[in-house]
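Undergrad: Okay, here's the structure, questions in a sec.
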Amino acid sequence: MTINSEDVKKKAFELGFHKVGIARAAETKAENKKLKQWLDEKKHAGMAWVEKRKSERGNIFNYFSEARTVISLGMNYYVGKDQSDLKSNYKFSNYAWGDDYHSVIKSKIFSLLEFIKQSMPNAKGLVCVDTAPIMEKVWAQRAGMGWQGKHTNLISPDFGSWLFLGELVIDFDLDIDESFTKDLCGSCTACIDACPTQALGEYVLDANKCISYLTIEHRGEFPEEQNNLDGWIYGCDICQEVCPWNISFSKISEEKHFEPRSDIVNNTNQKWENINQSDFTSIFKNSAAKRTKLNGLKRNISNVKKADK
Ligand code: B12
Ligand code: SF4
Ligand code: SF4
């Protein structure tokens, strides 16, 4: 028994994905060149892990030599709230308000793989969500889900960019979708203009200046020229908040796992400022925000507090 694209897409929607597209696994020479340039220009800042697996990121066959098809999946995480709904005036990125998307999405993709294996027991598939060394936005674009906006995130014309991405890379052929070839940013530059640290050029981000990088990925104290966090203690949403595609087309997600945790919404300034290891462990159990660790979060809070004075 075999399986076709229609069966796979139907199952993916049943599992709760909001976007599904299918692309042929192929070389990505042009994108690989840009990735190399980005790394050569040190725009990845301290993220040595991006550089370390660059040969896989730039060429999917170096990651999975038998890859034939990439099933690209998107999950809407917009909950209809913004920073003004948080009690504290410390800003906290909406992508980490609920449960860790890595585990939520991974388990759904494993279910999709199980479904495929019911018809094709020998099929091989790799489940990817964020941490796999592939360029997820590139695959989503090739699978027809949308385009990479000037803020560099993938925008779908029907959901905007509040979409997590994941992939199932498989070792057999399925019918593919047309890649998304339009760039619907047009002459807009709202994200570039709104970025408080000038981290964005057109379609390229300099992580050294990006608040999301600084608050989540950077280790140790901030160098003098990189200490403007603009009130953010975890991640940053500004370039997406101002995007007209999000303003007009975002839809509220029905995924319960992404509903904001009450501690994150209701923590006061004082509670954030006095956070200790046991608060951190309980607030961020199964949360993507664990990545910054208590020390990182405390560093961010004290940096924002200092800047407010
Ligand atoms: C490293 C990383 C980061 C880094 C670097 C971000 C970046 N833009 O590269 C940091 C820590 C800053 C980051 C931040 C965020 N991230 Co992040 N991140 C990743 C990760 C792991 C790899 C991305 C990557 O390959 N970067 C390398 C560069 C070269 O890639 P790129 O920017 O896409 O480059 C393309 C273009 O910029 C262009 N380009 C590059 N250089 C040049 C030069 C010129 C001249 C031109 C014209 C074009 C050009 O071509 C490149 C190839 O197509 C992906 C997961 C994955 N495995 O893909 C998630 C991912 C991109 N992140 C995600 C999210 C949600 C975020 C944040 C929104 C979180 C937050 N709220 O704080 C922010 C958004 C910041 C932003 N404006 O991008 C989502 C994005 C979902 C979506 N709809 O697109 C992803 C896909 C994770 C996921 N599975 O959902 N992230
Ligand atoms: S996430 Fe924030 S700091 Fe980073 S590019 Fe977007 S607006 Fe700028
Ligand atoms: S704000 Fe404007 S330029 Fe930036 S990604 Fe959205 S549409 Fe494109």
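The values are calculated or read from the model by the stated rules, or taken from the named source; none is laboratory data. Predicted model, so just to flag it, every value in this text is computed and none were measured. Cβ: placed from backbone, ideal geometry, glycine included. Neighbour counts: every protein chain shown.
Undergrad: Residues 183, 175: which one is touching a helix residue (DSSP H, G or I) at 6+ places or on another chain (Cβ under 8 Å), more than 10 Å from ligand 1 (Cβ to nearest atom), assigned to a loop (DSSP other than H, G, I, E, B) and not hydrophobic (A, V, I, L, M, F, W, C)?
TA: On the way: 183 fails: touching a helix residue (DSSP H, G or I) at 6+ places or on another chain (Cβ under 8 Å).
Going through 183, 175 in turn, the sole match is 175.
Undergrad: Continuing with this model, one more query. Count, please, the residues in the range 160-177 that happen to be within 19 Å of residue 13 (Cβ to Cβ) and more than 16 Å from ligand 2 (Cβ to nearest atom).
TA: Summing the residues that are within 19 Å of residue 13 (Cβ to Cβ) and more than 16 Å from ligand 2 (Cβ to nearest atom) in the range 160-177 gives 9.
Undergrad: If you don't mind, another one. So which residues in the range 257-284 are touching an Asp or Glu at 6+ places or on another chain (Cβ under 9 Å) and of a type in the set (D, E, K, R), if there are any at all?
TA: 259, 261, 263, 271, 279
Undergrad: Oh, and also: Could you tell me whether residue 211 is within 30 Å of residue 117 (Cβ to Cβ), away from ligand 3 (no atom under 16 Å from the Cβ) and not polar (S, T, N, Q)?
TA: Details: within 30 Å of residue 117 (Cβ to Cβ): no; away from ligand 3 (no atom under 16 Å from the Cβ): yes; not polar (S, T, N, Q): yes.
For residue 211, the condition - within 30 Å of residue 117 (Cβ to Cβ), away from ligand 3 (no atom under 16 Å from the Cβ) and not polar (S, T, N, Q) - is not met.
Undergrad: Turning to a different aspect of this structure: If residue 191 passes every condition in (1) within 16 Å of ligand 2 (Cβ to nearest atom); (2) in a loop (DSSP other than H, G, I, E, B) but one, which one does it miss?
TA: (2)
Undergrad: Also: Only one residue in 139, 147 is of a type outside the set (Ser, Thr, Tyr) and under 19 Å from residue 101 (Cβ atoms), so which one is that? Steps first, please.
TA: Details: 147 fails: under 19 Å from residue 101 (Cβ atoms).
Unique residue meeting the criteria: 139.
Undergrad: Something else: Does residue 202 satisfy the condition of being modelled with pLDDT of 95 or more, surrounded by fewer than 19 Cβ atoms within 10 Å (Cβ to Cβ), within 12 Å of ligand 1 (Cβ to nearest atom) and not hydroxyl-bearing (Ser, Thr, Tyr)? I'd like the intermediate steps shown before the answer.
TA: Working: modelled with pLDDT of 95 or more: no; surrounded by fewer than 19 Cβ atoms within 10 Å (Cβ to Cβ): yes; within 12 Å of ligand 1 (Cβ to nearest atom): yes; not hydroxyl-bearing (Ser, Thr, Tyr): yes.
No, not satisfied.
Undergrad: In the range 188-199, which residues are surrounded by fewer than 13 Cβ atoms within 10 Å (Cβ to Cβ) and within 22 Å of residue 34 (Cα to Cα)?
TA: Pass one, the range 188-199, residues surrounded by fewer than 13 Cβ atoms within 10 Å (Cβ to Cβ): 189, 193, 198.
Within the range 188-199, 189, 198 meet the criteria.
Undergrad: Sticking with this one: Within the range 274-293, which residues are under 19 Å from residue 219 (Cα atoms), free of Cβ contacts under 8 Å to residues at least 40 places away in the same chain and among the charged types (D, E, K, R)?
TA: Across the range 274-293, the qualifying residue is only 293.
Undergrad: State all residues of the range 227-252 that are over 15 Å from residue 192 (Cα atoms), within 9 Å of ligand 1 (Cβ to nearest atom) and in contact with an Asp or Glu (Cβ under 9 Å, 6 or more places away or on another chain); if no residue qualifies, say none.
TA: Once the filter is applied, which keeps residues that are over 15 Å from residue 192 (Cα atoms), within 9 Å of ligand 1 (Cβ to nearest atom) and in contact with an Asp or Glu (Cβ under 9 Å, 6 or more places away or on another chain), the range 227-252 yields nothing.
Undergrad: Given the condition exposed (fewer than 12 other Cβ atoms within 10 Å of the Cβ) and either at pLDDT below 95 or on the phi < 0 side of the Ramachandran plot (or both), answer yes or no: does some residue in the range 285-300 qualify? Break it down stepwise before answering.
TA: In the first step, residues of the range 285-300 are kept if they are exposed (fewer than 12 other Cβ atoms within 10 Å of the Cβ); the result is 285.
Imposing the further condition that a residue be either at pLDDT below 95 or on the phi < 0 side of the Ramachandran plot (or both) reduces the set to 285.
Scanning the range 285-300, I find at least one residue that is exposed (fewer than 12 other Cβ atoms within 10 Å of the Cβ) and either at pLDDT below 95 or on the phi < 0 side of the Ramachandran plot (or both), so the answer is yes.
Undergrad: Oh, and also: What tally of residues in the range 132-159 results from selecting those that are under 17 Å from residue 29 (Cβ atoms) and within 14 Å of ligand 2 (Cβ to nearest atom)?
TA: 1
Undergrad: Do we have any residue at all in the range 77-94 that's surrounded by 15 or more Cβ atoms within 10 Å (Cβ to Cβ), polar (S, T, N, Q), at pLDDT 95 or above and within 30 Å of residue 118 (Cβ to Cβ)?
TA: Just the residues of the range 77-94 that are surrounded by 15 or more Cβ atoms within 10 Å (Cβ to Cβ), to begin with: 77-79, 83, 86, 88, 90-94.
If we keep only those that are polar (S, T, N, Q) as well, we get 83, 88, 93-94.
From what is left, the residues that are at pLDDT 95 or above are 83, 88, 93-94.
Among the residues that remain, those that are also within 30 Å of residue 118 (Cβ to Cβ) are: none.
Among the residues of the range 77-94, not one is surrounded by 15 or more Cβ atoms within 10 Å (Cβ to Cβ), polar (S, T, N, Q), at pLDDT 95 or above and within 30 Å of residue 118 (Cβ to Cβ), which makes the answer no.
Undergrad: Also, I was wondering about something else. Looking at the range 216-229, can you tell me whether even one residue there is away from ligand 2 (no atom under 16 Å from the Cβ), surrounded by 13 or more Cβ atoms within 10 Å (Cβ to Cβ), modelled with pLDDT of 95 or more and not β-branched (Val, Ile, Thr)? I'd like the intermediate steps shown before the answer.
TA: Taking the range 216-229 first, the residues away from ligand 2 (no atom under 16 Å from the Cβ) are 219-221, 224.
Going one step further and asking which of them are surrounded by 13 or more Cβ atoms within 10 Å (Cβ to Cβ), we end up with none.
No: zero hits.
Undergrad: Being within 13 Å of ligand 2 (Cβ to nearest atom), touching a residue at least 60 places away in the same chain (Cβ under 8 Å) and of a type in the set (A, V, I, L, M, F, W, C) is the requirement here; does residue 200 meet it? First the steps, then the outcome.
TA: Working: within 13 Å of ligand 2 (Cβ to nearest atom): yes; touching a residue at least 60 places away in the same chain (Cβ under 8 Å): no; of a type in the set (A, V, I, L, M, F, W, C): yes.
No: the conditions fail for residue 200.
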